[in-house]
Number of protein chains: 2
Amino acid sequence: MASGRLLVEILSIGDELLIGQTVNTNAAWMGRLLEAQGWRVNRCVAVSDEETAIAEALRDAESRAELVLLTGGLGPTRDDITKHVLCRHFGTSLVRHPDIEARIVAWFERRGREVLQVNRDQALLPEACTPLDNPLGTASGMWFERPGGVTVSMPGVPYEMEYIMEHGVVPAMRDRLSGEGRLPQRAHRSMLTMGTGESQLANRLGSLEDELEGRGVKLAYLPSPGSVRIRLTAEGEAVGALDAAHAEVMERLAEWVVSPVGRVVEDELAAVWKAHGWTLAVAESCTGGALGAALVAAPGASGYFLGGVQSYANTVKAEVLGVDAVLLADHGAVSEPVARAMAEGVRDRLGADFGLSITGIAGPDGGSEAKPVGTVYMACAGPEGTVCVLHRFGRDRTRNLGMSVRAACRLALQVGQSTGEPAKPAGGVADSL
Amino acid sequence: MASGRLLVEILSIGDELLIGQTVNTNAAWMGRLLEAQGWRVNRCVAVSDEETAIAEALRDAESRAELVLLTGGLGPTRDDITKHVLCRHFGTSLVRHPDIEARIVAWFERRGREVLQVNRDQALLPEACTPLDNPLGTASGMWFERPGGVTVSMPGVPYEMEYIMEHGVVPAMRDRLSGEGRLPQRAHRSMLTMGTGESQLANRLGSLEDELEGRGVKLAYLPSPGSVRIRLTAEGEAVGALDAAHAEVMERLAEWVVSPVGRVVEDELAAVWKAHGWTLAVAESCTGGALGAALVAAPGASGYFLGGVQSYANTVKAEVLGVDAVLLADHGAVSEPVARAMAEGVRDRLGADFGLSITGIAGPDGGSEAKPVGTVYMACAGPEGTVCVLHRFGRDRTRNLGMSVRAACRLALQVGQSTGEPAKPAGGVADSL
């Protein structure tokens, strides 16, 4: 292999990717893993389950990259043709591996399910490959040596691919590269901002961006709905300049930084709450549980999250959270008084240090002139009182729900930050960027 | 342009896609939209923010596809270089569009934010392109005519790209193709199965798969964690054979079919509940709100979903849901008696027709020999009693949470189906595939 950083290409196989029935999360997962190794993903390609498309894309990828990673098309059914394409590509043929067949049979027996011939035939692998163990399923990974590098084929089922990458591909590739000095250092620093857009952030940084580039530190803005992640990257000797660069950028952007280490806002909230030993309860109307789900997505949520009430119907707001029926009648469910009462109600009902509520109109219907779709009130009740903010998001339901969850986490962080100090967030209409 | 179906390639630009900081949901969204038009996505490629990589991938795509769709790299910051690459690729230069600049200025003024020069410069577009309106942001779409077809560049922000696709690209392309007879009919039928794997499904279909292929109907198995979607596809005259083929497949696979029209299980639940006029309440422990969030993700959830209780901590199970402290002490929170009491408690507390509960060990920690990580009890309480099932999922937290939500929806559908008839699901250990 050539010297320098390992160049990788990812080739995902399956009609379902092209017609959008499946989102290609595998490529993103592999990208993160490969990046963490210091290897460079050059290109990700998705093609259909057709021999000519797969073969052409494979030849192209092998002409550029030392490591080509294929996923998909290894199932037992006839729409899966990757194994046959690989046989023709490498001029080899299928041979049966009795040890793998025994493992497949055992896999089915453990689950009390019948083993079919098509399942047994997953032990037929191209003679030219080294099989990579897959204890989580019945399709083995396949490692092919070729002029100029390696090609690996894996199943498209995410956790099976992940196992094979972590236990097969990465260790074998590291072994191969070891001692060759093939992994020049490359490092990142990230931070997460909320409350403004990338042009305002760049404007605030001004000439600092040029100065950093002069020191070998490259800056990237990665906008998502509701936040912009800033990533600093350096290679080789410039890696030593990263920490100082990160501190300088932090200082300039302090008012918008939600996580100095680039955590998503819900993970930042978890870290802060656990560090303080605080507990949190949620009261969700339009989000229906999405805030709680975002908080428990990371392990260890029981360290601060007590639970909450999904008060989707008004009867639940009144009867379970104790929101005054008069407030609901006078102001409507989507209003500051109700958001406050929900946050205070759930804090009280669940005995938490903080209560965090969301009530809004997610859309596409239910809006009015005074409260258009995208109107969302959120409140955080804590030991020093309750802060409520109003957001005006857009017309898209999915986006509004996600924006609401993230904005509520940001509100909690702001309230948490000011706890023990004079309260800072003053309420009012928030910047909804 | 050549005759036949419109061939499309998608080229996504951005380092964040290659290192996995962003999942390429844009490609999937475009795939669904293009497929619905009857157009064919041939390939999706993601490349880094580097001129040579973008230019090479663009040349390749244009050599194969009539319509090439680029996303990303149009932001106001300097890491976004797509516009400059397009100028060199098409041998053109940037010109300022005063009307677009005025719209950008108005966009910032409406939001009470300062307009910077970099924002105004988003009105600089390649002279060779026709701008496509983007009222949701500041980067216009760009339509380039070229020998052999069209290339369109759009911002990578999902809702901006979606607007430009729906209001700019698709209508313009349909106009161009109209009257040319360029859209041979192609249609799909889908169904969703849960409870077994694709090889068992294929085995049950047996020779029917061959017979259908003889009639021009192609079958595909699309496995996701917990379910397998089956898709039947036909083109041209064979489209007429689809409905009969769908009915035959349905009949063979009846015991596993959750949605005869291929809806995801939560949408099928919503459709059945609304058709019966039933209400539903949820009690979630390990999922923390993810079941409710899945139900409200689709508009119109207020037609059947009352809300629920996120009883993450045991105190919430006892105090809000009324789960007997003795049950919790004797059996543990992850047990059949507690799952039953949660479902009955939330049904009663919220006055719903059905109560649906989940309590389990999502992992990675908290497992024991008797109740390993992945042990999840779920119960559905209805007018005719309560049904509880035990699932044994795997070791992956994210997967366990998603599997739990979908399995709970399936349980509710089974209980709903048997309501008014002798109860069918008998409880016990369920098939966790």
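Among residues belonging to the stretch A:202-230 that are polar (S, T, N, Q) and more than 10 Å from chain B (Cβ to nearest Cβ), point out the one that is farthest from A:Arg406 (Cα to Cα). It would help to see each step written out before you state the result.
Filtering the stretch A:202-230 down to residues polar (S, T, N, Q) leaves A:203, A:207, A:224, A:227.
With the extra rule that they be more than 10 Å from chain B (Cβ to nearest Cβ), the set shrinks to A:207, A:227.
Numbers: A:Ser207: 31, A:Ser227: 9 Å.
This residue is A:Ser207.
Name the residue, out of A:Gly216, A:Gly262, that is part of a loop (DSSP other than H, G, I, E, B) and without any contact (Cβ under 8 Å) to a residue 40 or more places away in the chain. So that I can check it myself, show each step before the final result.
Numbers: A:Gly262 fails: without any contact (Cβ under 8 Å) to a residue 40 or more places away in the chain.
Going through A:Gly216, A:Gly262 in turn, the sole match is A:Gly216.
Out of the strands (runs of 3 or more DSSP E) lying entirely within the stretch A:40-96, which hold 2 or more residues that are surrounded by 23 or more Cβ atoms within 10 Å (Cβ to Cβ) and modelled with pLDDT of 95 or more? Spell out the reasoning first.
Numbers: elements: A:40-47, A:67-71, A:94-96.
Because the criterion is at least 2 residues that are surrounded by 23 or more Cβ atoms within 10 Å (Cβ to Cβ) and modelled with pLDDT of 95 or more, the strands (runs of 3 or more DSSP E) in the stretch A:40-96 that meet it are A:40-47, A:67-71.
Have a look at A:Thr398, A:Thr386, A:Thr375 and point out the one that is within 12 Å of another protein chain (Cβ to nearest Cβ) and polar (S, T, N, Q).
That would be A:Thr398, the only listed residue that is within 12 Å of another protein chain (Cβ to nearest Cβ) and polar (S, T, N, Q).
(1) modelled with pLDDT under 95; (2) assigned to a helix (DSSP H, G or I): which one isn't true of A:Gly366, the others all being true?
(2)
Give the residues of the stretch A:265-285 that are in contact with a Leu (Cβ under 7 Å, 6 or more places away or on another chain) and either within 11 Å of chain B (Cβ to nearest Cβ) or among the charged types (D, E, K, R) (or both), sorted by residue number.
A:Glu266, A:Glu268, A:Thr279, A:Leu280, A:Ala281, A:Val282, A:Ala283, A:Glu284
With respect to the numbered conditions (1) over 28 Å from the mean Cα position of the chain (by Cα); (2) within 28 Å of B:Asp267 (Cβ to Cβ), which one is the sole condition not fulfilled by B:Ala202?
Among (1) over 28 Å from the mean Cα position of the chain (by Cα); (2) within 28 Å of B:Asp267 (Cβ to Cβ), the lone unmet condition for B:Ala202 is (1).
In the stretch B:307-320, which residue that is over 11 Å from A:Leu350 (Cβ atoms) and surrounded by fewer than 24 Cβ atoms within 10 Å (Cβ to Cβ) is nearest to the chain's Cα centre (by Cα)?
Ranking the candidates gives B:Asn314 first.
Within the stretch A:145-183, count every residue that is outside any loop (DSSP other than H, G, I, E, B) and out of contact with any Phe, Trp or Tyr (no Cβ under 6 Å at 6 or more places or on another chain).
Counting residues in the stretch A:145-183 that are outside any loop (DSSP other than H, G, I, E, B) and out of contact with any Phe, Trp or Tyr (no Cβ under 6 Å at 6 or more places or on another chain) gives 26.
If B:Glu9 satisfies every condition in (1) charged (D, E, K, R); (2) surrounded by 21 or more Cβ atoms within 10 Å (Cβ to Cβ); (3) farther than 18 Å from B:Arg146 by Cβ but one, which is the exception?
Exception for B:Glu9: condition (3).
Given (1) more than 17 Å from B:Gly14 (Cβ to Cβ); (2) surrounded by 24 or more Cβ atoms within 10 Å (Cβ to Cβ); (3) at pLDDT 95 or above, identify the lone condition not met by B:Thr138.
(3)
What do you reckon, is A:Thr151 at pLDDT below 95 and buried (at least 16 other Cβ atoms within 10 Å of the Cβ)?
no
Checking A:Leu192 against (1) modelled with pLDDT of 95 or more; (2) of a type outside the set (D, E, K, R); (3) over 18 Å from the mean Cα position of the chain (by Cα); (4) not assigned by TED's automatic domain parsing to the domain that holds A:Trp39, which test does it fail?
All conditions pass for A:Leu192, except number (3).
Listed here are the residues, each with its yes/no results for (1) within 24 Å of B:Val309 (Cα to Cα); (2) part of a loop (DSSP other than H, G, I, E, B).
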residue	(1), (2)
A:Val334	yes, yes
A:Val338	yes, no
A:Met342	yes, no
A:Gly345	yes, no
A:Ser357	yes, no
A:Val373	no, yes
A:Ala381	yes, no
A:Val405	yes, no
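Run down B:Asp348, B:Asp396, B:Asp353 and say which single residue is at pLDDT below 95 and either crowded, with 18+ Cβ neighbours inside 10 Å or not assigned by TED's automatic domain parsing to the domain that holds B:Leu192 (or both).
Details: B:Asp348 fails: at pLDDT below 95; B:Asp353 fails: at pLDDT below 95.
Exactly one of B:Asp348, B:Asp396, B:Asp353 is at pLDDT below 95 and either crowded, with 18+ Cβ neighbours inside 10 Å or not assigned by TED's automatic domain parsing to the domain that holds B:Leu192 (or both), namely B:Asp396.
Would it be correct to say that B:Ala381 is at pLDDT 95 or above and farther than 23 Å from A:Gly303 by Cβ?
So B:Ala381 passes the test.
Kindly indicate which of A:Gly351, A:Gly332 is touching a residue at least 12 places away in the same chain (Cβ under 8 Å) and either within 13 Å of another protein chain (Cβ to nearest Cβ) or under 23 Å from B:Val320 (Cα atoms) (or both).
It is A:Gly351.
Out of all the residues in the stretch A:87-121, which are of a type in the set (A, V, I, L, M, F, W, C) and within 22 Å of B:Gly206 (Cα to Cα)?
Listed by number, the residues that qualify are A:Ile104, A:Val105, A:Phe108, A:Val115, A:Leu116, A:Val118.
Here's the yes/no breakdown for (1) in contact with a His (Cβ under 7 Å, 6 or more places away or on another chain); (2) under 30 Å from B:Asp80 (Cβ atoms); (3) not hydroxyl-bearing (Ser, Thr, Tyr):
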{"position": "A:Arg215", "(1), (2), (3)": "no, yes, yes"}
{"position": "A:Val272", "(1), (2), (3)": "no, no, yes"}
{"position": "A:Gly277", "(1), (2), (3)": "no, no, yes"}
{"position": "A:Ser285", "(1), (2), (3)": "no, no, no"}
{"position": "A:Ala290", "(1), (2), (3)": "no, no, yes"}
{"position": "A:Val296", "(1), (2), (3)": "no, no, yes"}
{"position": "A:Val309", "(1), (2), (3)": "no, no, yes"}
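Please find, within the stretch A:25-39, the residue that is nearest to the other protein chains (Cβ to nearest Cβ) out of those that are at pLDDT below 90 and within 16 Å of the chain's Cα centre (by Cα).
A:Glu35
With the requirement that a residue be small (Gly, Ala, Ser) and farther than 25 Å from B:Thr52 by Cα, what does the stretch A:21-74 give you?
Within the stretch A:21-74, A:Ser48, A:Gly72, A:Gly73 qualify.
Determine which member of the set B:Ala254, B:Ala234 is surrounded by fewer than 21 Cβ atoms within 10 Å (Cβ to Cβ) and away from every other protein chain (no Cβ under 12 Å).
Working: B:Ala234 fails: surrounded by fewer than 21 Cβ atoms within 10 Å (Cβ to Cβ).
Of B:Ala254, B:Ala234, the one residue that is surrounded by fewer than 21 Cβ atoms within 10 Å (Cβ to Cβ) and away from every other protein chain (no Cβ under 12 Å) is B:Ala254.
Identify, from the list A:Glu162, A:Glu166, the residue that is under 32 Å from the mean Cα position of the chain (by Cα), within 14 Å of another protein chain (Cβ to nearest Cβ), buried (at least 17 other Cβ atoms within 10 Å of the Cβ) and closer than 24 Å to B:Asp396 by Cα.
Answer to the selection: A:Glu162.
Could you count how many residues in the stretch A:1-21 are part of a loop (DSSP other than H, G, I, E, B) and at the interface with chain B (Cβ under 7 Å from one of its Cβ atoms)?
Going through the stretch A:1-21 one residue at a time, the tally reaches 3.
Identify all residues within the stretch B:104-129 that are crowded, with 17+ Cβ neighbours inside 10 Å and part of a helix (DSSP H, G or I); write none if there are none.
B:Ile104, B:Trp107, B:Phe108, B:Val118, B:Asn119, B:Arg120, B:Gln122, B:Ala123
A:Leu242 passes all but one of (1) at pLDDT 95 or above; (2) part of a helix (DSSP H, G or I); (3) under 28 Å from B:Tyr159 (Cβ atoms); which number fails?
All conditions pass for A:Leu242, except number (3).
Condition first: free of Cβ contacts under 8 Å to residues at least 12 places away in the same chain, closer than 25 Å to B:Asn400 by Cβ and more than 8 Å from every other protein chain (Cβ to nearest Cβ). Can you find one or more residues in the stretch B:302-320 that meet it?
Looking through the stretch B:302-320, at least one residue is free of Cβ contacts under 8 Å to residues at least 12 places away in the same chain, closer than 25 Å to B:Asn400 by Cβ and more than 8 Å from every other protein chain (Cβ to nearest Cβ).
The values are calculated or read from the model by the stated rules, or taken from the named source; none is laboratory data. Model, not experiment: these values are computed from the prediction. Here Cβ is always computed from backbone atoms with ideal geometry, including for glycine, and neighbour counts include all displayed protein chains.
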